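Here's the structure we're looking at; comments come further down.
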Amino acid sequence: MKTIYLCAICNVSSGNCSEDCAFCTQSAYNGAKIDTYKQKDEQIILKEAYLAKQNRASGFCLVTAGKGLDDKKLDFICHIATKIKKEIDINLIACNGTATIEQLKELKKAGIGSYNHNLETSREYYKKICTTHGWEERFQTCLNIKEVGIKLCTGGIFGLGESNEDRISFVKSLQELKPTSTPLNFFHPNPKLPLPHKIMDTNEALKWIRYTKEKLKNSIIMIAGGREITFKDRWMEIFDMGANSIVIGNYLTTKGDEPDRDIQTIEKLGYSIAQNCQ
Ligand code: SF4
């Protein structure tokens, strides 16, 4: 029986980011109307971690806005990770941007089992969607994650205006990294973002999930942001294409479907929900 992994995400710090990623509502350049805060209250993060466990998520991801880790962020993520680990049996993922080997070692000691850092798109197309930092830095962080022995979670976003060649190149780079899990997002338009306000065609999106799975047979293919608006009531077809994981609950700055409904759908299809991460 096919097993589906569920992952919940927590936006530890939101918005006011000094980077200019064209797809991101948290960039100060884009001026999107979102909730902004420096650091979520510890008790709220713990509550969200308990809720993730209750919703049968095997992973809980601690996300911070910004280009990369600094001492303050690193201290806080280590602190909150240690606290969660003491109380809840759940795989912790950190997603805090570019990170050095030393920083990643600290996170590992604090109980972080996986690190998410997306390549986002192809090396060639990246400069069209971000000018304040480079794709190579992202790739290097992925290499650092592997070097430290934390599970690598890296993927990206489809529907940013990239060509099919870009998509092939992006997946090829993922193949080089052999990630444990590959989150695939589908662009969620926002009037403030400097990209065409276009939702990817459902059949096209399904085709690229299948393509990615074919090239990354051993990776967990996780469908993340944009699932609801891209696939609508056909979202369960993602599993036929080889996806075996979804993000449940809300995303960083957009709302997701009710976890209960997603779980019911998955079980009705005859799939089981994973108890733990591999
Ligand atoms: S993707 Fe990350 S680095 Fe880029 S603008 Fe958003 S929060 Fe900042």
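The values are calculated or read from the model by the stated rules, or taken from the named source; none is laboratory data. Values in this document were obtained by computation on a predicted structure and should not be read as measured data. Positions of Cβ are backbone-derived with ideal geometry, glycine not excepted, and every protein chain shown enters the neighbour counts.
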**Request:** Would you check if Cys21 is within 11 Å of the ligand (Cβ to nearest atom) and in contact with a helix residue (DSSP H, G or I) (Cβ under 9 Å, 6 or more places away or on another chain)?
**Result:** yes
**Asked** From the list Gly156, Gly134, Gly113, which one is free of Cβ contacts under 8 Å to residues at least 40 places away in the same chain, surrounded by 18 or more Cβ atoms within 10 Å (Cβ to Cβ) and either within 16 Å of the ligand (Cβ to nearest atom) or not aromatic (Phe, Trp, Tyr) (or both)?
**Response** Gly156
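Residues checked against (1) over 24 Å from Cys130 (Cβ atoms); (2) at pLDDT 95 or above; (3) under 18 Å from the mean Cα position of the chain (by Cα):
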site: Thr182; (1), (2), (3): no, yes, yes
site: Phe187; (1), (2), (3): no, yes, yes
site: Asn190; (1), (2), (3): no, no, no
site: Leu216; (1), (2), (3): no, yes, yes
site: Gly226; (1), (2), (3): no, no, yes
site: Thr230; (1), (2), (3): no, yes, yes
site: Arg234; (1), (2), (3): yes, yes, no
site: Ile248; (1), (2), (3): yes, no, yes
**Fill in**
Counted residues in region 1-59 being over 20 Å from Lys86 (Cβ atoms), of a type in the set (S, T, N, Q) and buried (at least 19 other Cβ atoms within 10 Å of the Cβ) come to 7
**Message:** Residues to consider are Lys178, Lys105; find the one that is surrounded by fewer than 18 Cβ atoms within 10 Å (Cβ to Cβ), more than 15 Å from the chain's Cα centre (by Cα) and at positive phi.
**Reply:** Lys178
**Asked** How do the helices (runs of 4 or more DSSP H) wholly within region 185-259 filter down when requiring 2 or more residues that are of a type in the set (S, T, N, Q): which remain?
**Response** 202-215
**Request:** Answer yes or no: is there a residue in region 240-262 that is exposed (fewer than 14 other Cβ atoms within 10 Å of the Cβ) and on the phi > 0 side of the Ramachandran plot.
**Result:** no
